[in-house]
Each structure stands twice: as structure tokens, then as C-alpha cells.
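*Asks:* Quick one: the structure is below, questions incoming.
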Amino acid sequence: MDHYLKKELYDLVKKDSRIFDFIQKGSLDGIWYWDLENPEVEWMSSKFWTELGYDPALMPHEASAWRDIINQDDLKIAGEMLNRHFENPQIPYDQIVRYTHKDGSTVYIRCRGMMISDESGKPIRMLGAHNNITSVVNYTSERESSQRLIDLNTALINKNKELEQFTYIASHDLQEPLNSILSFSKLLQEEIDSSNDLVNECLQVIQGSAYRMKDFITSLLEYSRIGRETEMTEVDVCGLIEEIKIDLNDTIVSSQAVVAYIGESVKIKAYRSDLHRLFLNIIQNGIKYTAPDTDPFVEINMEESDTHYTFSISDNGIGIPEEHFGKIFDVFKRLHNRAEYPGTGIGLSHCKKVVELHRGELWLTSEVGKGSTFYFTIPK
């Protein structure tokens with residue numbers, strides 16, 4: 001009789017293409033599927049046990065079956081890395097662990113995994129893949145390999161901590177010298193002879209460069225914050241759009257823009273601040289990338305299906321050539337001169353990351369000179 005987790009995984013593969021892609025790309029020596037709501041229960045594919053010299057028919061689908069044969073130092077590190085992955089799915093679970101083969105030898109396994117959440121964002125399952133890399137590791141002595149493994153896992157944990165410190169550095173250490181440059185350049189501008197065109201031009205270049213650097217730092221800081229929310233909440237989309245219109249009030253008034261939400265009132269489960277950034281960036285672009293003699297018009301709509309919500313944001317802007325559709329979501333990718341349309345080129349990268357965080361899809365249609373429509377889905 002099939003184990004219930006095996007059957008559930010088969011059903012999940014049929015419903016979610018990401019699961020199939022994960023398995024297909026893994027070049028696997030075994031997969032595992034873990035019930036986080038009943039942590040002792042796992043389903044292990046037979047290949048995992050045969051790689052370790054055991055008869056799969058004799059091995060129960062329980063965590064206790066492998067806990068006695070895994071290196072305990074590696075097990076401790078695995079717990080730390082899993083907790084980090086649960087807190088932020090953007091931090092991957094990817095580790096090399098040592099198992100004891102039935103014949104007493106050491107087997108080196110690369111273990112990767114992805115968290116699966118319920119509709120509220122609560123982790124309920126973990127899907128994992130095993131690769132036997134013993135032949136690669138055995139080029140050095142057992143002692144050297146073990147120490148190198150410990151060093152690599154320790155270095156990985158430290159690197160993740162360094163990434164977390166980036167937010168503090170970007171918001172403090174990098175901002176302060178830029179603020180000093182801007183302050184003193186303004187003081188100089190007030191003190192010098194205003195008739196000296198060369199000096200004035202140099203000061204304007206300094207200030208412009210400093211402001212652009214501040215924009216880059218702010219954008220990178222916002223990009224690094226995506227995924228920090230640990231729980232989805234119920235978000236009123238109409239209320240969110242109204243908040244964004246308030247945030248963009250000066251831009252809307254100065255450009256005589258119209259931003260209209262014509263979809264039905266709906267409340268969805270999402271990471272609120274990230275969803276706010278997603279709508280804000282696309283609406284902001286719809287207003288910005290408009291011909292000088294055109295009043296911007298941005299229309300937001302929504303369609304609902306059994307499995308997801310599809311949002312569309314249309315504008316009457318300058319449009320995007322089709323050959324650039326695949327490039328505009330890259331970090332710092334710009335299609336226009338900064339003097340003509342200012343910005344950092346990271347806004348649509350934010351959007352892509354937020355949609356992927358919600359496990360949705362993002363695409364666009366556009367016609368040069370007539371405008372663009374960005375679509376994205378949010379699963380229910």
C-alpha cells in the first residue's frame with residue numbers, strides 16, 4: 001500500500017509545475033518529502049536507502065530511521081539552516097551531510113530542499129533531493145574532507161549572516177558620507193562666486209552623482225527587504241491602491257495623471273509591504289514613461305479564477321519594444337537615457353522578485369507609442 005505522503009506528492013506534481021521542475025533539475029539520488037505538521041513522518045524514495053546499502057522495504061518512513069546514521073554535527077547545522085529557510089524562503093536550504101553506510105563507510109550526500117506553505121503562508125511540507133557526491137569528496141583523506149565540509153558549512157552560515165548585515169550597512173554606513181557630500185557641496189555653492197560657471201557646473205555634477213548614489217542605495221535596500229515578512233495577511237486591494245495614490249500624490253498632480261482601479265473589491269492573502277511595492281513600481285512606471293504631451297492614464301483591473309487572481313495594470317505610455325520584454329526585469333537594466341527618464345533600473349526587478357515570492361507569474365504586452373499592460377497572478 002502506498003504511503004500517504006507519496007500519494008500526496010504525486011498529486012502535488014500534477015497541480016504545481018514548480019515541483020516537477022525541481023525534481024527534473026535535481027539529477028537525484030533520492031528524494032524526500034517531510035510532513036512539518038507531523039515532524040516524525042517522512043516519505044523517502046527507495047534510491048536514498050540503496051545508496052546507503054539498506055533494503056528500502058525494511059526502512060520505515062520516519063525521521064528516526066536516518067537520525068542514527070547521520071553525522072550529529074551535520075544534523076545540528078541542518079537544523080539551523082532549515083530554520084533560516086523557514087524564516088525566509090529566499091535563503092536556500094542546500095547542505096552537504098555525512099551518512100554512515102551499512103558497511104561502515106562514510107557517504108557524502110548533498111541535500112537540498114524547498115519549503116511548501118499553506119494558503120496562510122504557514123510551512124506545512126518540505127520537499128528535498130539527495131545527491132551522492134562521495135566520489136567527488138574522496139579525492140582527499142577522510143579527515144581532510146570532513147574538516148573542509150565543516151569549514152564550508154560554517155562559511156555558508158557566516159555568509160548568510162553577512163547578507164543580513166547589508167541592510168544595516170546600506171542604511172547607515174553608506175548613507176552618511178553621501179549626506180556629508182551633499183551638505184558640504186551646498187555650503188560651497190552658497191559661499192562661492194555665483195558667476196563662476198565652471199565651479200557651479202562641477203558642484204551640480206557632484207550633487208547629481210550623490211543623489212543618484214542615494215537612489216541606488218535606497219533601491220538596493222528595498223530589494224534586500226523583499227521576503228522579510230514571515231506571514232501573509234489579508235490585504236484589501238482597493239485600500240492598497242488608495243494608499244499608493246496618496247503616496248504618489250505629488251507625482252499625480254504635477255503630471256495631471258489619472259490612476260483608476262476598475263476591478264472588483266477583493267481581499268487577498270499576501271505579504272502586504274511587498275505587494276504595496278509591486279503595485280507602486282508598476283503604477284509609477286506607467287506615469288513616468290509617458291510622452292511629454294500626454295496626460296498619463298493608468299488603469300488597474302482584476303480577474304478571479306478558482307486558483308488565483310490575475311491583476312493587469314495598463315498605461316498610455318511610450319511602450320516597450322518586444323525584443324526587450326525579456327530584459328526589462330533584470331537588475332539595473334535601463335532602456336532609456338537617465339536624463340530623459342530618471343531612475344535606477346531596479347523597479348521591475350523588485351516586481352519580479354515579489355511575484356516569485358508569492359509563487360505567481362509576471363508578464364506584459366506592449367505596443368510602442370501606445371502603451372503597456374503588465375499582468376501578474378497571485379495564487380489563492
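*Asks:* Just give me the residues in region 126-146 being at pLDDT 70 or above and exposed (fewer than 13 other Cβ atoms within 10 Å of the Cβ), in sequence order.
*Replies:* The answer is SER135, VAL136.
*Asks:* Name the single residue, out of those in region 283-331 being of a type in the set (S, T, N, Q) and within 19 Å of HIS350 (Cα to Cα), that is most open to solvent (accessible area, probe 1.4 Å).
*Replies:* GLN284
*Asks:* Let me ask something else. Looking at (1) surrounded by fewer than 16 Cβ atoms within 10 Å (Cβ to Cβ); (2) in contact with a Pro (Cβ under 9 Å, 6 or more places away or on another chain), which is the one condition that is false for ALA260?
*Replies:* The one condition ALA260 does not meet is (2).
*Asks:* Just for region 58-80: of the residues that are more than 32 Å from the chain's Cα centre (by Cα) and of a type in the set (Gly, Ala, Ser), which one is most open to solvent (accessible area, probe 1.4 Å)?
*Replies:* SER64
*Asks:* Does region 265-282 contain any residue that is more than 28 Å from GLU87 (Cβ to Cβ) and open to solvent by 20 Å² or more (accessible area, probe 1.4 Å)?
*Replies:* Yes, some residue in region 265-282 is more than 28 Å from GLU87 (Cβ to Cβ) and open to solvent by 20 Å² or more (accessible area, probe 1.4 Å).
*Asks:* Still on this structure, please answer the following. Quick check on my filter: what residues within region 17-42 are among the hydrophobic types (A, V, I, L, M, F, W, C), more than 24 Å from the chain's Cα centre (by Cα) and modelled with pLDDT of 90 or more?
*Replies:* Of everything in region 17-42, just one residue is among the hydrophobic types (A, V, I, L, M, F, W, C), more than 24 Å from the chain's Cα centre (by Cα) and modelled with pLDDT of 90 or more, namely VAL41.
*Asks:* Something else about it: Run down LEU188, LEU163, LEU174, LEU203 and say which single residue is open to solvent by 70 Å² or more (accessible area, probe 1.4 Å), of a type in the set (A, V, I, L, M), out of contact with any Gly (no Cβ under 7 Å at 6 or more places or on another chain) and modelled with pLDDT of 75 or more.
*Replies:* LEU188
*Asks:* Kindly indicate whether any position in region 366-375 is surrounded by 13 or more Cβ atoms within 10 Å (Cβ to Cβ), in contact with a strand residue (DSSP E or B) (Cβ under 9 Å, 6 or more places away or on another chain), modelled with pLDDT of 85 or more and part of a loop (DSSP other than H, G, I, E, B).
*Replies:* no
The values are calculated or read from the model by the stated rules, or taken from the named source; none is laboratory data. Everything numeric here is computed off the predicted structure, so don't read it as measured data. Every residue, glycine among them, receives a Cβ derived from its backbone with ideal geometry; neighbour counts consider all protein chains shown. The accessibility values were calculated without ligands, DNA or RNA, using every heavy atom of the protein model including side chains. Shrake-Rupley method; radii C 1.70, N 1.55, O 1.52, S 1.80 Å.
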